[in-house]
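Visitor: Handing you this structure, nothing more for now.
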Amino acid sequence: MARIALTVVLVLLAVAGSSAAATVPAFLLHDGQTRYLTPSEARPGTLVRCVTNGRSLDSRLGTPAAGATNGSELFVGGGAKVSINQRPNGATEIVCGSATAGSGFFRRSPDRYVIGQNGLALIRGANRLSALERIYGAPGVVRSKPCRATWRMSGLVATFAGGECRADSVLVGAVVIDSRWRSLSGAQIGEPVAKLLWDVQSAKPLSHGRWLVASGGMSRHARLVAVTSVVGTVTKLVLTGS
């Protein structure tokens, strides 16, 4: 009889333990927080908990609608509020509490710190050395063969066609590493891969922590690549073939 009673107790404890485990959220956010998930993290049915003023609201991730631009759900209850937004590629944004007001979690850079497949700072036409000097000032380091100019304060290294650096030298490549830089599609230095995939739905994985962000433009051979660190954050944006 004692053995039977002990078995019943163990079964009840196991059931209670599994029930408690089932209620533990995979992602816990507090008021004002935003979290981005990669497609592999955003599995349908994953439990998300938003805590606002000591009150919590649980919700579960759904499945992005095929062909839809964006799937959005707003959950409200118990004084808490959480917004779950999913892209067709599976990238997901979770916004908790006051952050759902749309105040913006990530700072956007001014246009001078924009890089795209056509060049830098939204310059119309060819990016010449003289035009970049008007925007970023005189480069701190200039080397020839090939022509390369470095603006350390702006986190920019630019390469130009031709062996010698002249005012009319045309940009052919660039590397940016400062956190102020972002791509035209929104990929920003310092952001996690999950945020990159949220901003750039067309991003394609390459090799060794590299993602193709954009290609084509005025030069059909131009490529803009985001390079990530071992911890999965964007460390640089590299433009080639501009």
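The values are calculated or read from the model by the stated rules, or taken from the named source; none is laboratory data. If you're wondering where the values come from, they're calculated on a predicted model, not measured in any experiment. Don't worry about glycine lacking a Cβ; one is built from the backbone with ideal geometry, like all the others, and counts go over all protein chains shown.
Visitor: So is Val231 in a loop (DSSP other than H, G, I, E, B) and either over 15 Å from Gly155 (Cβ atoms) or over 10 Å from the mean Cα position of the chain (by Cα) (or both) or not?
Guide: Values: in a loop (DSSP other than H, G, I, E, B): yes; either over 15 Å from Gly155 (Cβ atoms) or over 10 Å from the mean Cα position of the chain (by Cα) (or both): yes.
When the stated conditions are applied, Val231 passes them.
Visitor: Further question on the same structure: Could you list, in sequence order, all residues of segment 26-44 that are part of a loop (DSSP other than H, G, I, E, B) and in contact (Cβ under 8 Å) with a residue 60 or more places away in the chain? Give the derivation first.
Guide: Within segment 26-44, the subset part of a loop (DSSP other than H, G, I, E, B) is 26, 31-33, 38-44.
Passing the criteria: Asp31, Gly32, Gln33, Thr38, Pro39, Glu41.
Visitor: Hey, another quick one. Output yes when any residue across segment 92-113 is on the phi > 0 side of the Ramachandran plot, modelled with pLDDT of 85 or more, out of contact with any strand residue (DSSP E or B) (no Cβ under 7 Å at 6 or more places or on another chain) and small (Gly, Ala, Ser), and no when none is.
Guide: To start, the set of residues in segment 92-113 that are on the phi > 0 side of the Ramachandran plot comprises 97, 102, 104.
Checking the rest, the ones that are also modelled with pLDDT of 85 or more come to none.
No - not one qualifying residue is present in segment 92-113.
For (1) closer than 16 Å to Leu120 by Cβ; (2) outside the structural domain of Leu132 (by TED's automatic domain parsing); (3) at pLDDT 95 or above, each residue gets a yes or a no:
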position	(1), (2), (3)
Ala161	yes, no, no
Glu191	no, no, yes
Gly209	no, no, no
Arg220	no, no, no
Leu224	yes, no, yes
Val227	no, no, yes
Val231	no, no, no
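Visitor: Ok, one more. Can you find even one residue in segment 20-38 that is at pLDDT 50 or above and either in contact with a Pro (Cβ under 6 Å, 6 or more places away or on another chain) or of a type in the set (Asp, Glu) (or both)?
Guide: Yes: one or more hits.
Visitor: In segment 196-215, what count of residues is obtained for those that are under 13 Å from the mean Cα position of the chain (by Cα), buried (at least 16 other Cβ atoms within 10 Å of the Cβ) and of a type in the set (Gly, Ala, Ser)?
Guide: Of the residues in that region, 1 qualify.
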